[in-house]
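To start, the structure itself, in structure tokens.
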Amino acid sequence: MSKLIVQGGHRLVGSIPVHGAKNSALPLLSATLLGTTPSVLHNCPRLSDVDTSIKILSHLGCKVTQEGTSVTVDASEAGQYEIPDGLMREMRSSVVFLGAIVARQGKARISFPGGCELGPRPIDLHLKALRKLGLVIEEDHGYLNCHVGKGLRGCPINLSFPSVGATENIMLASSTAAGTTIITNAAREPEICDLADFLNQCGARIRGAGESTIRIDGVPKLHGAEHAVIADRITATTYMAAAAVTGGDLTLENVIPAHLEPVIPVFEEAGCHIQVKDRQLHIAAPERIKAVKNIRTLPYPGFPTDSQAIVMAMATLAEGTSVFVENIFESRYKHVGELLRLGAHIKVEGKVAIVEGVDHLSGAPVEAADLRGAAALVVAGLAAQGTTQITGLHHLDRGYEMIEQRLSGVGAVIKRD
């Protein structure tokens, strides 16, 4: 079993490039299935989840080639409509292929998806919306058998929760549906805007992405396009936290500062000095950070749930008491037990976590239970006294490209064994 070995206590100084967004690359890859001509995605991160998406596209009959961080997808001969159970289980985001497959093939067969185990994450919102568009869905022993009855037809869809995945599936399925689809209470995340930008380049007619109401006027067909994936805002937050816990001074390259507006005030409250310019963010941390009083996870533009564990790792070393309220997912405090092994003081009651800052953490063997929990353990390990060994790296590799090399380049002592 591979592990990361982190020798803590080294100040991080220098520059780190931030890779393309995982949460954008995956729906973009599924969207390439809709093009009648090839598409090229640049700045596509080299992650295990991206590898899984490429396997799915290949299984569906697409020709996929990779060169560095550019991925070319030719879906002109894609004829399959079923995703094998093994691939579906590898990642939760595989469900976003459903909207694209039914729009392309008129039918689909998939099993329920896998990915991080974050408690109940029902895909009922996806299925309810797709049914409104005219998809007939039958549940059969863990599988979803889907077919288009009289064709997909646009309609008003009101989401009871602004689900990112459901919004993406509706956009994919309705881009070539007859008529107009209007999504109310739509997700507003930057990744939604990135998907809309790509689909519009492919010939779709989508307006309002980034707002609570999105209008999709269906078109007969889409063609391919060339597009660059936006920067990963959660990865950027991870490196900001790494700087904060080590008293570091980092410049993050290839970021989109506007996408980091929900988290920048948290780091400023902790005593970090932040400067942004064009596609750069500079963070200079004090010798010891201050507590962050009240972090509440919310849909964008609120504080992102994906950053909760990472900022909590930072807060374990802050002066004072920090309070976290997780409003999005159940079971998203799995990292707490491992942070306690490193010497953190954290109490959890329901969806509230209270973090009493300590003056130091001590290295210990820990195991990641999910993607962002893995990143939190890396952040904590960078600051802990002694050696921290982190296992469960398959979670980390789902969302971070060459993280040990990037951190080593700015002064961390970290290696994969």
statement: With T = 4 °C, eta = 1.567 mPa s and Kirkwood Rh from C-alpha pairs, the Stokes-Einstein D of region 360-416 in µm²/s is about 114 µm²/s
message: Suppose the chain between H345 and K277 were pulled fully straight at 0.36 nm per residue; how much longer would it get relative to their current alpha carbon spacing?
response: 20.8 nm
statement: Checked against the positive end of the charge dipole of region 22-228 (+1 on Cβ of Lys and Arg, -1 on Cβ of Asp and Glu, about the Cα centre), the farthest of S30, L41, L152 is L152
- prompt: Magnitude of the Cβ-charge dipole of the chain, K/R +1 and D/E -1, about the Cα centre, nearest 20 debye?
  reply: 680 debye
message: Using Cβ contacts closer than 10 Å as the measure, can you line up F161, F267, F329 from fewest to most?
response: F161, F329, F267
- request: Enumerate the lysines that K415 could reach by cross-link, defined here as Cα to Cα under 18 Å, with residues fewer than 8 away along the same chain left out.
  value: K3
field: Under Karplus coefficients 6.51, -1.76 and 1.60, residue-wise ³J(HN,Hα) of region 44-49 in Hz, glycine/proline x
entry: 7, x, 8, 10, 5, 5
- request: Please tell me the relative contact order of the chain in percent, rounded to the nearest whole number, where contacts are Cα pairs under 8 Å and at least six residues apart.
  value: 21 percent
- request: When a/c is below 1.5 the answer is rounded, else prolate if a/b is larger than b/c, else oblate, so apply that to region 1-102 with a ≥ b ≥ c taken from the square roots of the Cα gyration tensor eigenvalues.
  value: prolate
Antiparallel bridges, percent of DSSP beta bridges restricted to region 22-228 (to nearest 5): 75 percent
- request: In whole Hz, with x marking every Gly and Pro, tabulate ³J(HN,Hα) for region 318-328 from phi via Karplus 6.51 cos²θ - 1.76 cosθ + 1.60, θ = phi - 60°.
  value: 7, 7, x, 10, 10, 10, 10, 10, 8, 9, 9
message: Nothing charged except the Cβ atoms of Lys and Arg (+1) and of Asp and Glu (-1): what's the magnitude of the dipole of region 22-228 about its Cα centre? Round to the nearest 20 debye.
response: 580 debye
- request: Give me the percent of DSSP beta bridges within region 121-194 that run antiparallel, rounded to the nearest 5.
  value: 60 percent
- prompt: Per-residue ellipticity at 222 nm for the chain, helices alone: DSSP H runs ≥ 4 residues times -39500 (n - 2.57), over residue total, nearest 500 deg cm²/dmol?
  reply: -8500 deg cm²/dmol
query: If you take the C-alpha gyration tensor of region 22-228, multiply each eigenvalue by 5 and take the square root, what semi-axes do you get, largest first, in whole Å?
result: 22, 20, 17
task: Calculate the length of the line joining the C-alpha centroid of region 320-364 to that of region 155-231, in whole Å.
output: 36 Å
field: Estimated Rh, region 276-394: Kirkwood, alpha-carbon pairs, angstrom
entry: 14.6 Å
- prompt: What ³J(HN,Hα) values, in whole Hz, does the Karplus curve 6.51 cos²θ - 1.76 cosθ + 1.60 give for region 383-394 when θ = phi - 60°, with x put for Gly and Pro?
  reply: 9, 5, 6, x, 10, 10, 10, 10, 10, x, 6, 4
- prompt: Which order do M240, M1 fall in if you start with the one that has the fewest other Cβ atoms within 10 Å?
  reply: M1, M240
- prompt: Which entries in K150/K221; K63/K128; K128/K150; K63/K221 show an alpha-carbon gap greater than 29 Å?
  reply: K63/K128
task: State the Cα centre-to-centre distance between region 281-310 and region 365-413 in whole Å.
output: 18 Å
- request: Have a look at the DSSP beta bridges in the chain and tell me what percent are antiparallel, nearest 5.
  value: 70 percent
query: For Y143, Y300, what's the fewest-to-most ordering of other Cβ within 10 Å of each Cβ?
result: Y143, Y300
query: Under the definition of Cα pairs under 8 Å and six or more residues apart, what whole-number percent is the relative contact order of region 22-228?
result: 21 percent
- prompt: What Kirkwood radius, in Å to one decimal, follows from the Cα pairs of the chain?
  reply: 21.7 Å
message: Taking the alpha-carbon distance from K347 and a cut-off under 27 Å, which lysines remain once sequence neighbours fewer than 8 residues away in the same chain are dropped?
response: K290, K293, K334
message: Once you keep just the Cα pairs under 8 angstrom separated by 6 or more residues, what percentage relative contact order results for region 150-202?
response: 45 percent
- request: Relative to the longest principal axis of the C-alpha atoms of the chain, give the angle of the C-alpha long axis of helix 190-201, reported between 0 and 90° and rounded to the nearest 10°.
  value: 30 degrees
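Where a number appears in this text, it was derived from the coordinates with a stated rule and is not lab data. As the structure is a computational prediction, the values presented were derived from the model and not from experiment. Don't worry about glycine lacking a Cβ; one is built from the backbone with ideal geometry, like all the others, and counts go over all protein chains shown.
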